[in-house]
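A.B. asks: Mind looking over this structure? Questions follow.
The values are calculated or read from the model by the stated rules, or taken from the named source; none is laboratory data. This structure is a prediction, so every number in the text was calculated from the model and none was measured. With ideal geometry, Cβ positions are generated from the backbone for all residues, glycine too; neighbour counts draw on all protein chains shown. When the accessible area is computed, the model is the full protein with side chains, heavy atoms only, and any ligands, DNA or RNA have been set aside. Shrake-Rupley method; radii C 1.70, N 1.55, O 1.52, S 1.80 Å.
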Amino acid sequence: YVELANIGTALLDLTGLRFSDGIEFTFPAMELAPGECVVVVDDPVAFRAEYGTEVRVAGQYSGRLSDKGEDIVLTLAEPFDAAIARFRYDESWHPATDGGGLALTVDDPAAAPAAWNRPESWRASAPSPGRL
């Protein structure tokens, strides 16, 4: 799964935002309140079996995230093609997240997005979707 969290103080409108690299997904009409999280998943049934029904699921993405690393890009709604967030991760950053059952988690969600391109900005952690 890929999780978005609203760490700000204003309501965020996610309607039409898109993951356009790595995975493909367009958010339906929805808002994200301050402190709220939402996930996009590859298999909703498996996700619910693993994590229950309390985590908000926006929908199912297509494509597959590479265990080797790749770009993750969140873009504005069409017709715009500007990236809101873009970062690249690499499997060498935290090998325990490469099929080892741990999640790759950003250390400081409030850090400048450019910092997310560095391995020291991430850590391996137990998966905990829906919790800031």
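Residues are listed down the side, and each one gets a yes or a no for (1) over 20 Å from TRP122 (Cα atoms); (2) open to solvent by 60 Å² or more (accessible area, probe 1.4 Å); (3) not aromatic (Phe, Trp, Tyr):
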position: PHE27; (1), (2), (3): yes, no, no
position: MET30; (1), (2), (3): yes, no, yes
position: TYR51; (1), (2), (3): yes, yes, no
position: VAL55; (1), (2), (3): yes, no, yes
position: ARG64; (1), (2), (3): yes, yes, yes
position: ALA77; (1), (2), (3): yes, no, yes
position: ALA83; (1), (2), (3): yes, no, yes
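A.B. asks: If we keep just the residues of the range 85-121 that are without any contact (Cβ under 8 Å) to a residue 24 or more places away in the chain and hydroxyl-bearing (Ser, Thr, Tyr), which is surrounded by the fewest Cβ atoms within 10 Å (Cβ to Cβ)?
C.D. replies: The qualifying residue surrounded by the fewest Cβ atoms within 10 Å (Cβ to Cβ) is THR105.
A.B. asks: Open to solvent by less than 50 Å² (accessible area, probe 1.4 Å), on the phi < 0 side of the Ramachandran plot and touching an Asp or Glu at 6+ places or on another chain (Cβ under 7 Å): is that true of VAL39 in this structure?
C.D. replies: Here the answer is yes, as VAL39 does meet what is asked.
A.B. asks: Inside the range 2-15, can you point out the residues that are assigned to a loop (DSSP other than H, G, I, E, B) and open to solvent by less than 80 Å² (accessible area, probe 1.4 Å)?
C.D. replies: If the condition is that a residue be assigned to a loop (DSSP other than H, G, I, E, B) and open to solvent by less than 80 Å² (accessible area, probe 1.4 Å), then ASN6, GLY8, ALA10, LEU14, THR15 are the ones that fit.
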